[in-house]
Amino acid sequence: MRRIARLSPMGLAVAVGVVLGVPRWVGAASSHPRTADVPAVQALLALHRPAFARSGPSAGAAPIRLLSPRTPLTRSDTVLPVLRESVGPAGALWLRVRLPTRPNGSTGWVRASAGSLTSTGWEIVVHRVQRRAFVLDDGRVRASFRVVVGKPSTPTPLGTFFVVEKARLAPGVTEGPWVLMTSAHSNVLRAYEGGTGQVALHGTTGMSAPLGTFASHGCVRFAPAAISWIARHVDAGAPVRVIP
């Protein structure tokens, strides 16, 4: 992740701005559809202390939820994508961030002083119909991979999300060798295997459904080599878009 020295008064500084699991490299001239809510370089807030996400840029605004500076599984830094900034009534800088919670697409306002600003140029785009994922860096496609997406009864939810945390699993563990938890949650399963129905990007270790199929409960499955490549390059906070 890149560290941002400051925010400009006119907006976030960063805003100016595979078959068999082997990446299929795409030339620099290649393009990929983008949406206005995902810039080529995404500003991030890495929390240093607990902070309330509020409904507006003010300490008096209704609290939405208390955010922990540590992620629930790996206890790594909580990193949140920043959407916009605003100066509150007392002159404090507030940031509107994406939240890792239901309902999908939730946002809230957090004081900028609760963390430090960084950024990332990485983004993962999952084409649900194509059953293919593209990995972008600074707006350019770096690789694409065939994937397994949710079956019709438990579809992978559409929308713009982000990587919450990533974990390397022990050799041979099902869904390994890496799991990247996202802020997306199933629109069908309120709970799954003791969890909250949170959607993950993970490997296919111990799983039989072939790549390029609709077979999961909503998660996106990659070949082991593919998810390992992604885990080496993509960190918490990176946008994850799921499109039709």
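The values are calculated or read from the model by the stated rules, or taken from the named source; none is laboratory data. Not measured: the values here are computed from a predicted model. With ideal geometry, Cβ positions are generated from the backbone for all residues, glycine too; neighbour counts draw on all protein chains shown.
Values for this structure:
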item	result
Matching residues, region 123-134, being surrounded by fewer than 21 Cβ atoms within 10 Å (Cβ to Cβ) and out of contact with any Ser or Thr (no Cβ under 8 Å at 6 or more places or on another chain)	His127, Val129, Gln130
Residues being assigned to a loop (DSSP other than H, G, I, E, B), charged (D, E, K, R) and under 14 Å from Ile227 (Cα atoms) - total across region 168-208	1
Scan of region 190-219 for residues that are closer than 22 Å to Arg98 by Cβ, of a type outside the set (Gly, Ala, Ser) and in contact with a Ser or Thr (Cβ under 6 Å, 6 or more places away or on another chain), ordered by number	Val199
Extreme residue, nearest to Pro100 (Cα to Cα), among residues of region 220-231 that are surrounded by fewer than 22 Cβ atoms within 10 Å (Cβ to Cβ) and not polar (S, T, N, Q)	Ala231
Some residue of region 207-219 being under 25 Å from Thr78 (Cα atoms), at pLDDT 95 or above, surrounded by 21 or more Cβ atoms within 10 Å (Cβ to Cβ) and touching a helix residue (DSSP H, G or I) at 6+ places or on another chain (Cβ under 9 Å)	no
Filter result for the condition that a residue is under 26 Å from Val41 (Cα atoms), in contact with a His (Cβ under 8 Å, 6 or more places away or on another chain), buried (at least 16 other Cβ atoms within 10 Å of the Cβ) and modelled with pLDDT of 95 or more, over Val199, Val234, Val147	Val199
Sole exception among (1) at pLDDT 50 or above; (2) among the hydrophobic types (A, V, I, L, M, F, W, C); (3) in contact with a Lys or Arg (Cβ under 6 Å, 6 or more places away or on another chain) for Val18, by number	(1)
